[in-house]
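Working notes, beginning with the structure itself.
The values are calculated or read from the model by the stated rules, or taken from the named source; none is laboratory data. Here the structure is a predicted model, which means the values were calculated and not measured. Cβ: placed from backbone, ideal geometry, glycine included. Neighbour counts: every protein chain shown. Heavy atoms of the whole protein, side chains included, go into the accessibility calculation; ligands, DNA and RNA do not. Shrake-Rupley method; radii C 1.70, N 1.55, O 1.52, S 1.80 Å.
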Amino acid sequence: MNGVFDLGGTDGLGPVVTQEDEPVFRAEWEKAAFALFATCFRAGLFNVDMFRHGIEQMDPAEYLLSNYYEHWVHTAEHFGAKAGVIDLAELDERTRFYLENPDAPLPGRTDPELLAFVDAAVMGGAPAARESDKAAAFQVGDIVTVNADSPAGHTRRARYVRGRTGEITGAHGTFIYPDSAGNSGPDAPEHVYTVRFTATELWGSDTADPHGVVYFDVWEPYLTLSENRGAA
Amino acid sequence: MAPTDTRLRSQEEITARVKALEALLIEKGIMTTEAVDRLADIYENEVGPQLGAKVVAKAWTDPAFKSRLLDNATAACAELGIGGLQGEDMVVVENTGEVHNVIVCTLCSCYPWPVLGLPPNWYKAPAYRARIVREPRKVLAEDFGFPVPGDVEIRVWDSSSELRYWVLPTRPAGTEGLSVEQLEALVTRDSMIGVGPAAAPAA
């Protein structure tokens, strides 16, 4: 989908605002919002690509103006409601309750298996690489062009690289394909490549940094071969 | 205003909303407050840029390790017991006198958690994600006070797949006699993102 989250090259957003000694979590609610990802993932509400797509479907003005972890709250609500786990009317009602009773406690529950999952997931990770019999269609050195059309649903084919031509500098094997998994489809693994674009190719010679390049990772279906220059 | 107030919702409103969601998910058997506390503790106290600094200092002092790091960062970090969520497939890119690297995620907020911890808010905010791919030299100079000479190539790595890029900064001058531990202290988070240099040694 074409949305405001796809920010590369957008003008007019002002300076980068940094903060010295910013805490990891700026408020208690950010901790709970952060924990939504791991716990709701374990409960099967979404995979990481669906999680991102839920954020992408936020109201665009709200996306730009809200706190980062509010994005996570939004996608957890979205998929919680979709799965029938969260009733949004009940959530509104409970929100009013906690607004009026900010010190009211949370329900008590312990779950040692969830704690063990948290530790195992953080230390062990959740790899996105997937085995596949598919042969790679491209190789390092090939000159490729990113398909320029506008896909519906989730994709990682950012607008600023669509229609642009670059050189493959890395071939990484097969990974979950977000254009499938992010739209609630199967993993459908595809080859991943790194493509090097000159700044001039992306932005034009009037504004591009003459000594600038951008490396962008793509899945094989995003690409069309422009020039076979690979090593073989 | 509290740091997390926005033009949309007050701190009180966000707090109540998240508490309500948390309560419902606890009742559904999906969350616990213990899991929230454990995750916060991990990223506040255990996993952060001090781990990336260890990797960098070792690479500065051990050429064979540096070679392995640049060849397969995930495997090299695993030698030091470093790895995990959002670092399953890491790639380290090396700064030199001719090349400066900087990382971003223009589409969301991808970041190598096992070596850098959770990203700072500016990394996840629209301005950085929008501008660093288009005018990196200007952003580095004006927003980060880190001018990169015009003849040095700037390579921006947009983390659009599940590969997680991060930067091996240049070793500061005058650090020949320092121990690995002293070198670690010079490695900043920003230097591993590519928006700043490693710190200079105390005179």
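Only one entry of B:139, B:133 meets the criterion of being at the interface with chain A (Cβ under 7 Å from one of its Cβ atoms), closer than 28 Å to residue A:62 by Cα and not in a loop (DSSP other than H, G, I, E, B), and that entry is B:139. Just one of (1) assigned to a helix (DSSP H, G or I); (2) under 29 Å from residue B:152 (Cβ atoms) trips up residue B:75, so point out which. Here residue B:75 meets the rest and fails (2). Taking the stretch A:81-112 as the range and being under 18 Å from residue A:45 (Cα atoms) and more than 7 Å from every other protein chain (Cβ to nearest Cβ) as the test, the residues that pass are A:81, A:82, A:83, A:84, A:87, A:88. Is the stretch B:167-181 home to any residue that is at negative phi, buried (at least 21 other Cβ atoms within 10 Å of the Cβ) and assigned to a strand (DSSP E or B)? Yes: the stretch B:167-181 contains one or more residues that are at negative phi, buried (at least 21 other Cβ atoms within 10 Å of the Cβ) and assigned to a strand (DSSP E or B).
Residue check: residue B:151 meets all listed conditions (1) assigned to a loop (DSSP other than H, G, I, E, B); (2) over 16 Å from residue B:95 (Cβ atoms); (3) facing chain A (nearest Cβ under 7 Å); (4) more than 14 Å from the chain's Cα centre (by Cα) but one, namely (2). Taking the stretch B:68-118 as the range and being of a type in the set (A, V, I, L, M, F, W, C), more than 10 Å from chain A (Cβ to nearest Cβ), within 21 Å of residue A:216 (Cα to Cα) and open to solvent by 20 Å² or more (accessible area, probe 1.4 Å) as the test, only B:70 passes. Listed by first and then second residue, the pairs with beta-carbon distance under 9 Å, at least 6 apart or on different chains, first residue in the stretch A:144-169 and at pLDDT 95 or above, second among the hydrophobic types (A, V, I, L, M, F, W, C) and open to solvent by 60 Å² or more (accessible area, probe 1.4 Å), are A:144/A:225; A:145/A:225; A:162/A:148; A:163/A:148; A:164/A:148; A:167/A:140; A:168/A:140; A:169/A:140. Evaluation of residue A:105 against the conditions (1) open to solvent by 10 Å² or more (accessible area, probe 1.4 Å); (2) touching a Phe, Trp or Tyr at 6+ places or on another chain (Cβ under 6 Å) shows that the sole unmet condition is (2). Mind checking which residues of the stretch B:34-76 are under 30 Å from residue B:19 (Cα atoms) and among the aliphatic types (A, V, I, L, M)? Selection gives B:35, B:36, B:39, B:40, B:42, B:47.
Of everything in the stretch B:88-134, what is under 18 Å from residue B:59 (Cα atoms), of a type outside the set (Asp, Glu) and in contact with a strand residue (DSSP E or B) (Cβ under 7 Å, 6 or more places away or on another chain)? Give them in sequence order.
Filtering the stretch B:88-134 down to residues under 18 Å from residue B:59 (Cα atoms) leaves B:90-97, B:99-101, B:112, B:114-116.
Then keep just the ones that are of a type outside the set (Asp, Glu); that gives B:90-93, B:95-97, B:99-101, B:112, B:114-116.
Once the filter is applied, which keeps residues that are under 18 Å from residue B:59 (Cα atoms), of a type outside the set (Asp, Glu) and in contact with a strand residue (DSSP E or B) (Cβ under 7 Å, 6 or more places away or on another chain), the stretch B:88-134 yields B:90, B:91, B:92, B:93, B:95, B:99, B:100, B:101, B:112, B:115, B:116.
Screening residue B:23 with (1) within 24 Å of residue B:180 (Cα to Cα); (2) of a type in the set (Gly, Ala, Ser); (3) not in a loop (DSSP other than H, G, I, E, B) gives one miss only, at (1). Taken over the stretch A:97-121, the criterion of being touching a residue at least 60 places away in the same chain (Cβ under 8 Å) and either among the aliphatic types (A, V, I, L, M) or in contact with a strand residue (DSSP E or B) (Cβ under 7 Å, 6 or more places away or on another chain) (or both) is satisfied by A:114, A:118, A:121. Which ones in the stretch A:38-49 are within 13 Å of the chain's Cα centre (by Cα), outside any loop (DSSP other than H, G, I, E, B) and of a type outside the set (A, V, I, L, M)? The answer is A:49, and nothing else.
Each row is one residue, and each column tells you yes or no for (1) over 29 Å from residue A:187 (Cβ atoms); (2) among the aromatic types (Phe, Trp, Tyr); (3) crowded, with 20+ Cβ neighbours inside 10 Å.
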{"site": "A:46", "(1), (2), (3)": "no, yes, yes"}
{"site": "A:53", "(1), (2), (3)": "no, no, yes"}
{"site": "A:62", "(1), (2), (3)": "yes, no, no"}
{"site": "A:67", "(1), (2), (3)": "yes, no, yes"}
{"site": "A:83", "(1), (2), (3)": "no, no, no"}
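Only one of the numbered conditions (1) within 7 Å of chain B (Cβ to nearest Cβ); (2) touching a helix residue (DSSP H, G or I) at 6+ places or on another chain (Cβ under 7 Å); (3) part of a helix (DSSP H, G or I); (4) in contact (Cβ under 8 Å) with a residue 40 or more places away in the chain is not met by residue A:52, and that is (2). Scanning the stretch B:104-140 for residues that are in contact (Cβ under 8 Å) with a residue 60 or more places away in the chain and out of contact with any Asp or Glu (no Cβ under 8 Å at 6 or more places or on another chain) turns up B:112, B:113, B:114, B:115, B:116, B:117, B:118, B:123.
Residue B:30 fulfils the conditions (1) β-branched (Val, Ile, Thr); (2) in a helix (DSSP H, G or I); (3) surrounded by 23 or more Cβ atoms within 10 Å (Cβ to Cβ) except for a single criterion, (2).
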